[in-house]
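Structure first, commentary second.
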Amino acid sequence: MQIRFFVLILICVLASLPAKAQEVLVYEDLQGDTIKSEYGMNRKHYRHPFIGMGFFAGGAGGPTGKIKTADSWAFEYGVRYKRKFTHYLSAGADWSFSRLQYSPSAWEVASLMGDASLKSEKLVLVQTGLGLYQRFNWQKRRGDFIGRFLDVGVYGNWTFASRHVYSFEQATGERVKVKKSGLDYVSPFDYGLLARIGFGNFVLKSSYRFSDHFKSESGLEEFPRLYIGFEMGLHPF
């Protein structure tokens with residue numbers, strides 16, 4: 001599943017990249033007057049793909065909610081639309097696919113192995129969702145470029161695939177890998193707040209999840225809710 005997911009993301013990225021390094025402005029000369037296109041990075045409408053990656057931080061909901069930070073991460077690919085209102089103010093929306101991987105430090109499955117030695121364990125969530133944001137630009141003169149900006153907004157995601165994967169070694173030395181899909185204890189929706197600070201193509205992103213990953217009847221403690229990552233806007237520099 002993981003390999004197929006990254007192949008799908010790579011195909012989407014390649015398909016969405018612009019054919020040329022620069023966009024040609026479309027214009028018409030009507031009786032000597034030039035009509036400027038409303039589409040462009042610093043114009044009324046603009047849309048571009050992006051990719052991102054980051055890690056989870058902050059406190060967990062309890063001992064079994066703690067994760068191995070280096071082995072817990074998220075990858076995201078999406079398309080973002082921006083509507084400019086003034087030189088300093090814009091708003092927009094983005095739609096994305098994301099893959100979240102958590103590596104818990106101590107889940108209950110470890111005690112189910114008896115004398116077996118647990119070697120690895122991870123929970124994978126695949127989501128798609130929508131983000132809404134308000135953008136503030138503070139760069140006075142930037143031409144037809146994205147420039148420097150601050151985004152604040154909200155997001156909502158639908159978890160359409162989930163998988164619990166773990167491996168252990170038996171007393172005989174044989175290593176067994178178990179994959180469980182369609183987990184009924186995972187909540188179908190996530191939502192929270194987001195913030196981004198951007199410098200052209202390069203964006204630092206953070207988000208805070210208000211919703212729970214796990215249904216209340218599962219008895220599972222929540223993983224860290226804070227996400228900190230990096231985005232790359234796939235538009236001309």
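The values are calculated or read from the model by the stated rules, or taken from the named source; none is laboratory data. Here the structure is a predicted model, which is why all the values come from computation and not from measurement. Using ideal geometry, Cβ is built from the backbone for each residue, glycine included, and neighbour counts are taken over all protein chains shown.
Quick notes on this structure:
- Any hit, the stretch 198-207, residues being surrounded by fewer than 16 Cβ atoms within 10 Å (Cβ to Cβ), among the hydroxyl-bearing types (Ser, Thr, Tyr) and within 12 Å of the chain's Cα centre (by Cα): yes
- In the stretch 198-210, the residues that are within 17 Å of residue 46 (Cα to Cα) reach residues that are part of a loop (DSSP other than H, G, I, E, B) and not hydroxyl-bearing (Ser, Thr, Tyr) with C-beta atoms within less than 6 angstrom, at least six apart or across chains, in these pairs: 200/146; 201/237.
- Residue in the stretch 27-43 that is modelled with pLDDT of 95 or more, part of a loop (DSSP other than H, G, I, E, B) and surrounded by 13 or more Cβ atoms within 10 Å (Cβ to Cβ) present: no
- Considering the conditions (1) of a type outside the set (Asp, Glu); (2) outside any loop (DSSP other than H, G, I, E, B); (3) in contact (Cβ under 8 Å) with a residue 24 or more places away in the chain; (4) within 19 Å of residue 73 (Cβ to Cβ), residue 224 is excluded by exactly one of them, (2).
- Residue in the stretch 119-130 that is assigned to a loop (DSSP other than H, G, I, E, B), at pLDDT below 95 and among the acidic types (Asp, Glu) present: no
- Among (1) charged (D, E, K, R); (2) touching a residue at least 60 places away in the same chain (Cβ under 8 Å); (3) in a strand (DSSP E or B), the one test that residue 142 misses: (3)
- Screening residue 235 on (1) within 22 Å of the chain's Cα centre (by Cα); (2) assigned to a strand (DSSP E or B); (3) at pLDDT below 95 shows it passes everything except condition (2).
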